[in-house]
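> Quick one: the structure is below, questions incoming.
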Amino acid sequence: MPGNIGTKRIVSQKTLHDGQELLDAGLISSQQKEAIDKVNKYYAIAVPPLLASRIQNQNDPIARQVIPSLSELKETPGEVADPIGDERFSPLKGLVHRYEDRVLIKPILICPLYCRFCFRREQVGHKQDSVLDIASWEKIFDYVKDHQEIREVILSGGDPLMLSPRRLSWIFQELDNIRHIKLIRLHTRVPIAMPERVNEALLKVLEDSLKSVWVAIHTNHVKEFSQPACDAFKRLTQVGVALVGQTVLLKNVNDNVSALEALFCKMLDYKIKPYYLHQLDKAPGTDHFHVPVQRGLKLLEALRGRVTGLAWPTYVYDIPGGFGKVPLGPSYLKGDDQVRDPKGQWHKVERI
Ligand SMILES: *Cc1c(COP(=O)(O)O)cnc(C)c1O
Ligand code: SF4
């Protein structure tokens, strides 16, 4: 896809899954195809039609996220297959119990698109064993029932909204019957990548739940906010779901002040509260997306004071090895008697 490809583009009606399909859609050049075929031996590709239609050129923030590059075959020291240490805290297939009051479930290892920087890229997109079987679900429900300290069930993946509304309905009904579960949270890119899946059947499942339902939307650039995506957000808020946003800080996608400001403000326009800005996890072949933490801190500092406080996410890092997510700052405090204002000036204060 050298330079601008505008008029040559053929907008496909189906999701693109390999080099040939990307080439046929005019998204890559024939020289790139070979490299992409190599990458595809290791990592899945999916570019849904809505996102494909929004890609303008090679450096487009959507293209950077979904079109493979040869850099993915380069491994950098520190990169590991399981960067956030899910394995260590997985008592059952499909379940991660790292924090006492909440469990994370991976009901499906399929996504509507495959992010080139994905932290679970070694797990998602394989053809076999991609949907959690009923026997595994039964064990998970028993585990959750037995652990009264669990308040929240997080459906992650993969992407839980790639499940059929029927399967989701069954899961929600089972969870509705567990008294100590108060919250159900889903992590998804479906409203952005395949908003047509946010249909009546799915909305009914979310609306009918007896629990407090939260949907965390993974979005990294304002260009992902197509009209169909925005309509899907509206449908979700209309059925009483609370929306939060999750963003990964990514080199040449959103690592500048104006991109982050536009993204966080756009989220608020659709009642999506920016929740986390994630420091990139060290999954294999993702170093070309790495933004140093000091740069991330500076970007957030530049937003402070100028943009509504509602637009401010917590900048978090998942410590490799499974030690948990922690906020990285920026900090405005020095010792216990000095505070920095948003313009950078220090003030001595008493009894803070
Ligand atoms: C990220 C994560 C959560 C959710 O953490 P919050 O800080 O509550 O958003 C829960 N469980 C696991 C295993 C996680 O990786
Ligand atoms: S949607 Fe999430 S799990 Fe799926 S490829 Fe992207 S980052 Fe990975």
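Taken together, the values in this text are just the output of simple stated rules run on the coordinates, not laboratory data. The structure presented is a predicted model; accordingly, all values stated were derived computationally and were not measured. Every residue, glycine as well, gets a Cβ built from its backbone with ideal geometry; the counts of neighbours run over all protein chains shown.
> Farthest toward the dipole's positive end in the chain, which of N40, G78, V222, given Cβ charges of +1 (Lys, Arg) and -1 (Asp, Glu) about the Cα centre?
Towards the positive end, the residue furthest out is V222.
> Over the range 30-133, what relative contact order in percent results from Cα pairs under 8 Å that are six or more residues apart? Don't jump to the answer; show the numbers that get you there.
Working: 103 pairs, mean separation 31.8, N = 104.
Computed over the range 30-133, the figure is 31 percent.
> Ok, one more. Calculate, in nm to one decimal, what T237 and L73 gain on full extension: separation in residues at 0.36 nm each, minus their alpha carbon distance.
55.0 nm
> More than 27 Å apart: what percent of Cα pairs in the range 1-139 qualify? Intermediate results must be reported in sequence, preceding the final value.
Numbers: 3062 of 9591 pairs.
When every Cα pair of the range 1-139 is considered, 32 percent fall beyond 27 Å.
> Where does the charge balance sit around S212 when Lys and Arg score +1, Asp and Glu -1, over other residues with C-beta under 12 Å from its C-beta?
Numbers: positive: R151, K182, R185, K211; negative: E152, D176.
Once all neighbours under 12 Å are counted, the net charge is +2.
> In whole Hz, with x marking every Gly and Pro, tabulate ³J(HN,Hα) for the range 56-72 from phi via Karplus 6.51 cos²θ - 1.76 cosθ + 1.60, θ = phi - 60°.
Those phi angles translate into 9, 7, 3, 8, 4, x, 7, 4, 4, 7, 10, 8, x, 9, 4, 4, 5 Hz.
> Could you grab the relative contact order for the range 222-352? Cα pairs under 8 Å, six or more apart, rounded to a whole percent.
With pairs under 8 Å counted, the relative contact order is 20 percent.
> Mean separation of Cα pairs under 8 Å and 6+ residues apart, divided by the residue count of the chain: what relative contact order is that in percent?
Values: 644 pairs, mean separation 53.8, N = 352.
Reported relative contact order: 15 percent.
> Cα-based count: Lys pairs in the range 1-102 below 23 Å, eight or more positions apart or different chains? Mind dumping the intermediate values first?
Numbers: K8/K33; K14/K33; K14/K38; K14/K41; K33/K41; K33/K74; K38/K74; K41/K74.
Close lysine pairs under the 23 Å cut-off: 8.
> Just subtract the alpha-carbon distance of Y99 and W312 from 0.36 nm times their residue separation and send over the number in nm, one decimal. Show your work: numbers first, answer last.
On the way: separation 213, 0.36 × 213 = 76.68 nm, distance 2.42 nm.
Answer, rounded to one decimal: 74.3 nm.
> Size of the dipole of the chain about the Cα centre, Lys and Arg at +1 and Asp and Glu at -1 on the beta carbon, nothing else charged, in debye to 20? Numbers along the way, then the final one.
Details: 48 positive and 42 negative charges, 157 e Å.
Once rounded to the nearest 20, the dipole reads 760 debye.
> Farthest toward the dipole's positive end in the chain, which of L300, I62, H126, given Cβ charges of +1 (Lys, Arg) and -1 (Asp, Glu) about the Cα centre?
The listed residue farthest towards the positive side: L300.
> Simple spin-label model, 7 Å along Cα-to-Cβ: D37 to D176 in nm?
In this crude label model, D37 to D176 measures out at 5.1 nm.
> Further question on the same structure: Of the residues S90, S331, S53, which exhibits the maximal mean-square fluctuation in a Gaussian network model of the chain defined by a 10 Å Cα contact cut-off?
Result: S331 has the largest fluctuation of those listed.
> Answer with one residue from A283, Q246, L328: the one whose Cα lies farthest towards the positive end of the charge dipole of the range 233-352, charges on Cβ with Lys, Arg +1 and Asp, Glu -1.
With unit charges placed on the Cβ atoms, the residue in question is Q246.
> Also, quick follow-up: What distance in nm separates the simple spin-label points at E149 and E87, each placed 7 Å from Cα in the Cβ direction?
Spacing of the two 7 Å Cα→Cβ label points: 2.5 nm.
> Just how large is the dipole of the range 1-151 about the Cα centre, in debye to the nearest 20, putting +1 at every Lys and Arg Cβ and -1 at every Asp and Glu Cβ? Don't jump to the answer; show the numbers that get you there.
Working: 21 positive and 21 negative charges, 108 e Å.
With only Lys, Arg, Asp and Glu charged at Cβ, the dipole is about 520 debye.
> Moving on to the next point. State the dimensionless ratio Rg/Rh of the range 110-234 (Rg: radius of gyration of Cα atoms; Rh: Kirkwood radius). The partial results should precede the final answer.
Working: Rg = 15.0 Å, Rh = 15.5 Å.
With Rg and the Kirkwood Rh in hand, the quotient comes to 0.97.
> So how do 316-323, 22-29, 72-79 stack up, highest first, on mean other-Cβ count within 10 Å?
On the way: 316-323: 15.2, 22-29: 19.8, 72-79: 13.6.
Highest-to-lowest ranking by the protection proxy: 22-29, 316-323, 72-79.
> When the distances between all Cα atoms of the chain are binned every 20 Å from zero, what whole-number percent does each bin get?
28, 58, 13, 0
> How far apart, in nm, are the 7 Å Cα→Cβ label points at E301 and F323?
Here the answer is 2.4 nm between the modelled labels.
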